[in-house]
Amino acid sequence: MSKQHYMRTYEKDRVIFEEGTYSNTMYIVESGRIGIFKEYGTPNQVKLAEVDGGMFGEMGLVSDAPRSATAVALETSELELVPRTELSEYFEAFPYMKEQIIDTLSKRIRQSDRDYMKVCGCIKEFIKLDEANEKKSPELIAQMKKYASMA
Amino acid sequence: MAGNKTFEKGEVICKEGAYELWMYEVIKGSVAVYRDYGLTTQEKIADVDKGYIGEMGLINSMPRIATVVANETTEVSVIGEDDFVEYFKNPEKTTDMFLCLVERLNKINSDYMDACATVRDYLKAEEANAPKSGSLVEAMKKFAAAFRN
């Protein structure tokens, strides 16, 4: 199997997958830049992230839930499309991709874990002050409001 | 480091908080994953009868986030840093490992979103000067307890 088998080119503004739709394909960015959006194309559109390396859409490999966001090419981009059913073949054909992909994933896990620990730390501080009936700092309140707004 | 190890029922395979730079694949048998094992707050998080455990120790050098105990006579493969490349030469194993990491990421992200939603409900109750439900307070305590330095 050649890389060509997995490769697709997306012109600028082309939608790669849409929020709410189902797919179990992961995308590896060979070149270009992809935007990940919530409520894409509506007045409430929010850009969650830009991806210019590594992969995205990997949740589709393990979850039967619909896509939680829309992916759009921000410039002409070359992507490798790896469906769940071809994952093993892909790793077999391109063993050198293993490290890169697992490394990217590990970094993301580390970052997500740090973010999660931060919110848990804030909650801990917050309820401690609540129980002691003490005043909370404006910084802590602002931080908690920021978390609330992400829900 | 590489090689198989057998644990008898009730034996602790790894301990929450320990720094160990290796992971395990459960080959035969089954294990239980606990938070606060042996404490009054002990909570069973999962049973695992195949797949990987402790991968965060190897991949992210993180301390063990849970204690793992054999449910029955259990055989595991121990995979250290030096074995990683060799072990994952097998594309099927790479796929399993990769999917295990994606699931881990998925879990952390969904816990994060749950924490944010709990904060939102809590602040709302506080602003309205309304009493907080027991389950809301419990949820806040659960996230506070999950905090690690």
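A short reminder: the numbers here are calculations on the coordinates, not readings from a lab. These figures come from a predicted structure and were not determined experimentally. Neighbour counts run over all protein chains shown; Cβ positions are idealised from the backbone, glycine included.
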*Can you find, among B:ASN149, B:TYR19, B:MET97, the residue farthest towards the positive end of the dipole of the protein assembly as shown? Put +1 on the C-beta of Lys and Arg, -1 on that of Asp and Glu.*
B:ASN149
*Taking other Cβ within 10 Å of each residue's Cβ, how do A:MET97, A:MET7 sort, fewest first?*
A:MET7, A:MET97
*Where a Cα-Cα gap under 16 Å defines reach, which aspartates and glutamates qualify for B:LYS132, not counting those fewer than 8 residues away within the same chain?*
A:ASP130, A:GLU131, B:ASP121
*Tell me, what is a quarter of the convex hull surface for the C-alpha atoms of the protein assembly as shown, in nm² with one decimal?*
18.0 nm²
_Projected label distance in nm at A:LEU140 and B:SER110, using a 7 Å step from Cα toward the beta-carbon_ = 3.1 nm
*Shielding by partners - mean other protein chain Cβ count within 10 Å, residues of A:89-98*: 4
*State the dimensionless ratio Rg/Rh of chain A (Rg: radius of gyration of Cα atoms; Rh: Kirkwood radius).*
1.09
*Sorted peptide list for A:41-50, B:50-59, criterion being average Cβ within 10 angstrom, highest first*: B:50-59, A:41-50
*Starting with the fewest neighbours, write out A:THR25, B:THR40, A:THR85, B:THR6 ranked by other beta-carbon atoms found within 10 Å of each beta-carbon.*
B:THR40, A:THR85, B:THR6, A:THR25
*Determine the distance separating the Cα centre of region B:89-149 from the Cα centre of region A:1-48; give it in Å without decimals.*
27 Å
*Mean residue ellipticity (222 nm) of the protein assembly as shown, computed from DSSP H runs ≥ 4 via -39,500 (n - 2.57), nearest 500*: -13500 deg cm²/dmol
*Would you mind checking the pairs A:LYS107/A:LYS135; A:LYS98/A:LYS146; A:LYS146/B:LYS142; B:LYS9/B:LYS107; A:LYS107/B:LYS15 and listing those with alpha carbons more than 30 angstrom apart?*
A:LYS107/A:LYS135; A:LYS98/A:LYS146
_Selection from A:THR85, B:SER77, B:LEU123, by position along the positive dipole direction of the protein assembly as shown (Cβ)_ = B:LEU123
_Leading residue at positive end of dipole, region A:95-151 (Cβ point charges), from A:PHE126, A:LEU140, A:TYR96_ = A:TYR96
